[in-house]
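Shown next, in structure tokens, is the structure this report addresses.
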Amino acid sequence: MSRADFIQLLYIVAFSMFIAGLHMLRGPRTAVRGNQVAAVGMAIAVVATLIDQRIGDWGLIVVGLAIGTAIGVPSARSVHMTQMPQMVALFNGVGGGAVALISVVEYKESLEAGGNPELEALIPILFAAIIGSISFWGSIVAFLKLQESLKGRFAIPRAVNAALALIANGLAVAIAAGAESQLLFWLILLSAGALGVCAVLPIGGADMPVVISTLNAFTGLSAAAAGIALDNTALIVAGMLVGASGSILTRQMAEAMNRSIGNVFFSGLGAGGPAIASETGGTVRSTSAADVAIQLSYARLVVVVPGYGMAVAQAQRAVADLAAELERRGVEVLYAIHPVAGRMPGHMNVLLAEADVPYEQLKEMDEINGEFGRTDVALVIGANDVTNPAARTIADSPIYGMPILDVDKANSIIVLKRSMSSGFAGVDNPLFYDPKTAMLFGDAKSSVGDVLAEVKEL
């Protein structure tokens, strides 16, 4: 077997493991093993690339691997679950940036070798440069927003985004038509990067799950284009898997919000809404841990509705302990999971799995909404926008039309929050003023712990 055939065989094994690993990510019981299988596949792909005769400076490769390992492993191991969305956004951006840099190197080498490469290589290089740069800079802005280092909304006229897109594509067409200029190529990266920044800046935090999955798809597609330019089979397959899965996830996230992708990127949430309390004359009723404990202990069905507040307080284990105590008393406990609860797709699922909550108790929105009518107590823990009835009733609300969890149909509602501040969408929640609702103010982890202590005393 020749070296080339052996390399291709390794690539086939690698992307077969990518596909198998992705398939195993469908369920929580096999997800960890799926990650491991895909990681082994990536290791094989790296080995195949390193033994390729076209490989470059081995010294630089070793230094790059050492730096990446030194930064990546400690970062991934030390990150808190509450910071996982930021980590995902940042790592995704690094992938897009790497693809953009690869396109720069490939184009520079082609010019030094005698001019523009053939169109079948040049077009993927240009595509990777544009999409990779958008993904990198857009992900950086998403990271800063999720980290709350970049607060507020920024009004960017659509004409600016359209102009930047036109410039980037126009320059790419000029190079594809025969212009040979590194300056034009850098201008492509600059305009595409500015487009990534300007596209994400106006988007509110409530839309971040959609933004993250979209940028993830962009990074995958740009990696696939780079694979075509480099004639790297594993990179093509891996990039297309990421691009396809990210695109499907983006569509599902948008449908869960009853909005189009264009609406997310060109309208966004978080523009503010009407002052619900003043318009309805509603009042807020606060409660105590002892009262909550009595309601929960004598309920038949309790539905826990987790949100970002649970993640911030790292209250998932306390919630699981409370649920276990209630179940010992014969109370049925379920968890209502909204597709865009938290700051990234699957955020709540990951947190609750970390607390060893049985997967069977996690119910998606469509499945659990029919149960709220028979729910004795809905325990809302930091979930604001995804439980907001304004999405159904207030036409001028920014979240109007967004599918929500029907918490307001439960017999009794307990909301755990630090304060009356609005959610990431920036709109008030009439659920808080519902006569059936009682507010338990404070840190969610401490509040749940107090409730658990009271339950044990009954």
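The values are calculated or read from the model by the stated rules, or taken from the named source; none is laboratory data. Small disclaimer: the values here were computed from a predicted structure and weren't measured. Here the Cβ positions follow ideal geometry from the backbone for every residue, glycine too, while neighbour counts run over all protein chains shown. When the accessible area is computed, the model is the full protein with side chains, heavy atoms only, and any ligands, DNA or RNA have been set aside. Shrake-Rupley method; radii C 1.70, N 1.55, O 1.52, S 1.80 Å.
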Correct response: the longest run of the chain lacking exposed GluC sites (Glu not before Pro), defined by DSSP loop and at most 14 other Cβ within 10 Å, is 181-458
For LYS445, counting only aspartates and glutamates whose alpha-carbon sits under 18 Å away and dropping same-chain residues fewer than eight positions off, the answer is ASP291, ASP321, GLU325, GLU354, ASP356, GLU454
Between the alpha carbon centres of the range 161-193 and the range 114-130 the gap in Å comes to 12 Å
Normalised per residue, the volume inside the convex hull of the alpha-carbon atoms of the range 163-255 in Å³ amounts to 104 Å³
Pseudo-spin-label distance TYR298 to LEU183, built 7 Å along Cα→Cβ, given in nm, is 8.1 nm
FRET efficiency for ALA66 and LEU119 from the Cβ-Cβ distance with R0 = 56 Å, rounded to 0.05, comes out at 0.90
In whole µm²/s, the translational diffusion coefficient that Stokes-Einstein assigns to the chain, given a Kirkwood hydrodynamic radius over C-alpha pairs, 4 °C and 1.567 mPa s, equals 54 µm²/s
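For the full complex of protein chains and a 1.4 angstrom probe, list ASP356, ASP408 by accessible area with the highest value first.
Ranked from most to least accessible, the order is ASP356, ASP408.
According to the square roots a ≥ b ≥ c of the eigenvalues of the Cα gyration tensor, what is the shape class of the range 1-63, taking rounded for a/c under 1.5, prolate for a/b larger than b/c otherwise, and oblate for the remainder?
oblate
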proj_area_mean for the range 119-216 (convex hull on C-alpha atoms), units nm², value 6.5 nm²
Restricting to Cα pairs under 8 Å and 6 or more apart, the percent relative contact order of the range 1-59 works out to 39 percent
Of the listed pairs LYS436/LYS456; LYS108/LYS151; LYS108/LYS145, those with alpha carbons more than 27 Å apart are LYS108/LYS151; LYS108/LYS145
Counting only protein heavy atoms and leaving out ligands, DNA and RNA, the solvent-accessible surface of HIS23 at a 1.4 Å probe, in Å² to the nearest 10, equals 110 Å²
So the FRET efficiency between ARG26 and GLU112, C-beta based with R0 = 51 Å and rounded to 0.05, is 0.65
Given backbone amide H placed at 1.01 Å from N, residues whose amide H is under 5 Å from that of VAL304, ignoring those fewer than 5 places away on the same chain, are LEU334, TYR335, ALA336, LEU379
Note: ALA76 to ASP396 extended length (0.36 nm per residue) minus current alpha-carbon separation gives 111.0 nm
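Counting only protein heavy atoms, what percent of the accessible surface of the range 150-215 is carbon or sulfur at a 1.4 Å probe?
Carbon plus sulfur share of accessible area: 75 percent.
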Here, trypsin sites (Lys or Arg not before Pro) of the range 324-420 satisfying both criteria (DSSP loop; at most 14 other Cβ within 10 Å) are ARG329, ARG418
Residue-normalised 222 nm signal for the chain, counting each DSSP H run of n ≥ 4 as -39,500 (n - 2.57), nearest 500 deg cm²/dmol, is -20000 deg cm²/dmol
Cross-link reach from LYS409 to aspartates and glutamates, straight Cα distance under 17 Å and at least 8 residues apart if same chain, gives GLU364, ASP366, GLU367, GLU371, ASP376, ASP385, ASP434
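Can you tell me how much longer the chain between VAL47 and ASN169 gets when fully stretched, taken as 0.36 nm per residue apart minus their C-alpha distance, in nm with one decimal? Before the final figure, lay out the partial values.
Numbers: separation 122, 0.36 × 122 = 43.92 nm, distance 3.54 nm.
My answer for the length gained is 40.4 nm.
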Taking chymotrypsin sites (Phe, Trp or Tyr not before Pro) as exposed when in a DSSP loop with at most 13 other Cβ atoms inside 10 Å, the chain has its longest clean stretch at 299-458
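Please pull out the direction-averaged projected area of the range 158-203, using the convex hull of its alpha-carbon atoms, in nm² to one decimal place.
Across all orientations, the range 158-203 yields a mean hull projection of 2.9 nm².
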Expressed in Å to one decimal, the Kirkwood Rh of the range 324-458 from all distinct alpha-carbon pairs is 15.7 Å
The chain accessible area per residue, 1.4 Å probe, protein heavy atoms, integer Å², reads 45 Å²
Checked the range 309-370 with the C-alpha gyration tensor, a ≥ b ≥ c its square-rooted eigenvalues, rounded below a/c of 1.5, otherwise prolate if a/b is larger than b/c and oblate if not; verdict oblate
By the DSSP-based rule, helices of the chain that are at least 15 Å long along the axis (C-alpha) and have a mean Kyte score of at least 1.0 are 3-24, 58-78, 119-146, 158-176, 182-200, 208-230, 233-256
Judged on accessible area alone, 1.4 Å probe, highest first, MET420, MET348 line up as MET420, MET348
